[in-house]
């Protein structure tokens, strides 16, 4: 049959053409497909299973901090969007407008939400009255729309899935603390579940969220040396509660404005998983997030007892890991490539000789290493190996980031680094936006963040040579 | 403090004004709130927790049948919507149109999805080639928009949340079987989890989904005798695959059209939960779906050891049920009313005398019955009682439906029933749409379904007196 002969089509080497490598992996690992709708992607079952695992584990972490899920309308009336000046200026140029409902032209145009601060503020204005109504710790999982000109699956699409948390607090201290707490939740999730090391820091004013007092970010580094903003947490202080008039009566019966935060992480993070861990054979998934952690592949299936043994092994492992088997009549070589492409962390091969010896073969996706292990305590061997793979992926990513993090004391060094071996650049900054603009113009690198962990690279701004205020992490970014 | 004195505001009696009772419950149990967006609601934390429980349990059932989740774009290009004639005629009058993206007028208008058959068909056209690509068993959880003129929370809103399954099969038999299988999944879920008895049947041609060959439905009966369509499953046969050219090569290398289904259940079902189980004290939730199954309320909290014992009891129960306690300084009477209003299935009271006797008081939400039970085996007592409550709610709802199901042999009987005591009416029908139209005109009742379990009420059509073809369930509906 024709399909039996189908070979797993090779993907472009990342060293040859990184963007093409990325697109090949997305398409051939069946994560996402293009749709007939400009700039919008279809998230296929394997990609969506990845997102479901992200949702589940992140949602649990949110709920542990007291967050509750809600659902707000997907439309925002134009007048509501306009209440906070900076916010509307930031988002209006990139929104989709609904102008007609059924056969009738709408009296007021509606925006398809690009983010929902205005809706949450409107609701908080209605439901917050007393200090007893605080804090409000709301989150929603939904899709948002931003009209993008150039798009790439997961990294930049007109519609994307995300979660957006929106909280309201009595004091400025509390909203600041919540902003940092949620940034830490993101960082912990990325490092411990996705095996992606991140740098935590504050965005410069130029890169701040439209309407926020402070924006904090976690930044990660891809294989090609480009940065990816992996999650952001914003402290609004009272900048939204004033225009939206969200006030409460405090214990002394005085009227006070609430202090707010918002924080989001999107399907973009799937792009980071691909570009941090992937290799020239395809996707490499950290076990804690992999939809399939172990794939059992029978060898010499036609031999008596092999299929049964493979099934028995799968059933045993189901109790401890996410395991599947492939009992189709495709040849083992095809199957090996297919599940390598799909990034399954661990492959188990089992054939007649193995059965005779009461063993099976474990093959790691991250290193390719093969080990023969006894079937007696296979559950233990598999779970231990998955832990090793998880740790190894994190360490490899951290090592890669270290190797691609440089320091620059002047613009010559700065541009030379980006020309020769792109990565994160640590360099001092005077705090003046003119220097930030100039660096971007000269190198197309942007300030990724002012990291919490500051170092003293030199005394002077890398750009203008004046007295430096902060060390900034710079890089070209997705 | 002012808030301490707040009494739980009484809700309207359902016998006095059923629609007002419904609105009161939705608002006061904090399930949903109105938004500034016409016809769109805000689903509040308690309402959304209910939806999350529905999602979780339904999704597990879908996955057991092999269904995989995906995500399609929320926009449909106008040209794509128009590919299937009946479908566009059915939906075009009630959709929201996006005509502008950012600052630019769109070359082709986009519809905000009212349902996603066209998007799934477009994708299936691209990815289905061989019999080996079949079946495709996809589902998505998302929101959809239908421009409604009059709206009510959960029952009819411009935007609502749902799941929509879309499958493609090799043969007509398979698509028919899948349609019925998913209808059965819905029926089983409604009866065993939501404690809502349903009638399974087929929709008449008039009530069929736009573009479907057959539509099947589960119909439930509310407290006020009105019907609510609780889930539908459509068999498209090849009616969509022909205009969308979704073809595959079969084993004999012949080109064949696929056969498709779709099926959906929405946040409407929360309206059914309210109107099937609720009473004049508010919401009554079946334990299997309740966000909080047990609420622990300490009595005489100021007495030494009471708060500690209530907390200890809560911690013990956490291992077996979804339990919370209320240790705020509001008085017990306020708390009793509050959690009755919220439909918490079981309340536990514990005070100094109980502690002395090593007991606590269990109070059922469904019957109000109080029992004193030993703390020694409280886990067992609570789980057993929750099962009893679940069963009792189902039996009560079934009893109520039986009491409100009538038979009519002619239009005099038919109208008399609806005037005096609305409910389901079993009556024979000739199969002619003219009679269906006439019945609706005369009584505002519609055909709910042609139930799978047919009975022989008489030989002749209840409307025209000609030879009857089917027994139909009729009723006024939400």
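The values are calculated or read from the model by the stated rules, or taken from the named source; none is laboratory data. Predicted model, so just to flag it, every value in this text is computed and none were measured. Neighbour counts run over all protein chains shown; Cβ positions are idealised from the backbone, glycine included.
Inside the stretch B:206-324, counting only strands (runs of 3 or more DSSP E) that do not spill past its ends, which hold 3 or more residues that are touching a residue at least 12 places away in the same chain (Cβ under 8 Å)? Write out each step before concluding.
Working: elements: B:214-221, B:227-237, B:247-249, B:255-257, B:259-266, B:294-298.
Per the criteria, B:214-221, B:227-237, B:247-249, B:259-266, B:294-298.
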Output the residue which, of all residues in the stretch B:27-55 that are within 15 Å of the chain's Cα centre (by Cα) and more than 10 Å from chain A (Cβ to nearest Cβ), is nearest to residue B:191 (Cα to Cα).
B:54
Single residue of the stretch B:158-191 satisfying the filter (over 29 Å from residue B:256 (Cβ atoms) and within 14 Å of another protein chain (Cβ to nearest Cβ)) that is surrounded by the fewest Cβ atoms within 10 Å (Cβ to Cβ)
B:162
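Restricted to the stretch B:325-336, and to residues that are within 31 Å of the chain's Cα centre (by Cα) and in a helix (DSSP H, G or I), which residue is nearest to residue B:363 (Cα to Cα)? Can you show your working first?
Initially, the stretch B:325-336 is screened for residues within 31 Å of the chain's Cα centre (by Cα), giving B:325-326, B:334-336.
Keeping just the survivors that are in a helix (DSSP H, G or I) gives B:334-336.
Working: B:334: 15, B:335: 13, B:336: 10 Å.
The qualifying residue nearest to residue B:363 (Cα to Cα) is B:336.
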Tally of residues being facing chain B (nearest Cβ under 9 Å), over 25 Å from residue A:265 (Cα atoms) and out of contact with any helix residue (DSSP H, G or I) (no Cβ under 7 Å at 6 or more places or on another chain) across the stretch A:93-123:
6
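Residues in the stretch B:72-92 that are over 25 Å from residue B:231 (Cα atoms) and more than 7 Å from chain A (Cβ to nearest Cβ): how many?
Matching residues across the stretch B:72-92 total 4.
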Assuming residue B:149 fulfils every condition listed in (1) surrounded by fewer than 18 Cβ atoms within 10 Å (Cβ to Cβ); (2) part of a loop (DSSP other than H, G, I, E, B); (3) touching a helix residue (DSSP H, G or I) at 6+ places or on another chain (Cβ under 8 Å) apart from one, which condition is it?
(3)
Mind checking whether some residue in the stretch B:262-278 is touching a strand residue (DSSP E or B) at 6+ places or on another chain (Cβ under 6 Å) and over 30 Å from residue B:345 (Cα atoms)?
yes
Residue within the stretch A:380-397 that is closer than 22 Å to residue A:201 by Cα and either in contact (Cβ under 8 Å) with a residue 24 or more places away in the chain or touching a strand residue (DSSP E or B) at 6+ places or on another chain (Cβ under 6 Å) (or both) present
yes
Of the conditions (1) buried (at least 21 other Cβ atoms within 10 Å of the Cβ); (2) facing chain A (nearest Cβ under 10 Å); (3) touching a helix residue (DSSP H, G or I) at 6+ places or on another chain (Cβ under 9 Å); (4) within 19 Å of residue B:162 (Cα to Cα), the single one that residue B:69 does not satisfy is (1)
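Kindly establish whether residue A:366 is within 30 Å of residue A:296 (Cβ to Cβ) and assigned to a loop (DSSP other than H, G, I, E, B).
Working: within 30 Å of residue A:296 (Cβ to Cβ): yes; assigned to a loop (DSSP other than H, G, I, E, B): yes.
Yes: the conditions hold for residue A:366.
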Hits in the stretch B:426-456 (condition: under 14 Å from residue B:411 (Cβ atoms) and either at pLDDT below 95 or exposed (fewer than 14 other Cβ atoms within 10 Å of the Cβ) (or both))
B:434, B:437, B:441, B:442, B:444
Which one is modelled with the lowest pLDDT among residues in the stretch B:136-154 that are in contact with a strand residue (DSSP E or B) (Cβ under 6 Å, 6 or more places away or on another chain) and facing chain A (nearest Cβ under 8 Å)?
B:147
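Could you please find all residues in the stretch B:408-425 being surrounded by 14 or more Cβ atoms within 10 Å (Cβ to Cβ) and more than 13 Å from residue B:460 (Cα to Cα)? Spell out how you get there, then give the answer.
So in the stretch B:408-425, the residues surrounded by 14 or more Cβ atoms within 10 Å (Cβ to Cβ) come out as B:408-411, B:413-415, B:417-418, B:422-425.
Matches in the stretch B:408-425: B:413, B:414, B:415, B:417, B:418, B:422, B:423, B:424, B:425.
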Selection within the stretch B:56-66 - free of Cβ contacts under 8 Å to residues at least 60 places away in the same chain and within 13 Å of chain A (Cβ to nearest Cβ):
B:56, B:60, B:63
Tell me yes or no: at least one residue of the stretch A:208-223 is surrounded by fewer than 24 Cβ atoms within 10 Å (Cβ to Cβ) and out of contact with any strand residue (DSSP E or B) (no Cβ under 9 Å at 6 or more places or on another chain).
yes
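Looking at the stretch B:124-135, can you tell me whether even one residue there is more than 10 Å from every other protein chain (Cβ to nearest Cβ), in a helix (DSSP H, G or I), touching a helix residue (DSSP H, G or I) at 6+ places or on another chain (Cβ under 8 Å) and modelled with pLDDT of 95 or more?
Taking the stretch B:124-135 and keeping what is more than 10 Å from every other protein chain (Cβ to nearest Cβ), we get B:124, B:128, B:134-135.
Restricting the remaining residues to those that are in a helix (DSSP H, G or I) gives B:124.
Among the residues that remain, those that are also touching a helix residue (DSSP H, G or I) at 6+ places or on another chain (Cβ under 8 Å) are: none.
Looking for residues that are more than 10 Å from every other protein chain (Cβ to nearest Cβ), in a helix (DSSP H, G or I), touching a helix residue (DSSP H, G or I) at 6+ places or on another chain (Cβ under 8 Å) and modelled with pLDDT of 95 or more, one finds none in the stretch B:124-135, hence no.
Of the residues that make up the stretch A:183-194, is at least one in a loop (DSSP other than H, G, I, E, B) and touching a residue at least 60 places away in the same chain (Cβ under 8 Å)?
Going through the stretch A:183-194, the residues in a loop (DSSP other than H, G, I, E, B) turn out to be A:193-194.
Now drop any that are not touching a residue at least 60 places away in the same chain (Cβ under 8 Å), which leaves A:193-194.
Looking for residues that are in a loop (DSSP other than H, G, I, E, B) and touching a residue at least 60 places away in the same chain (Cβ under 8 Å), one finds at least one in the stretch A:183-194, hence yes.
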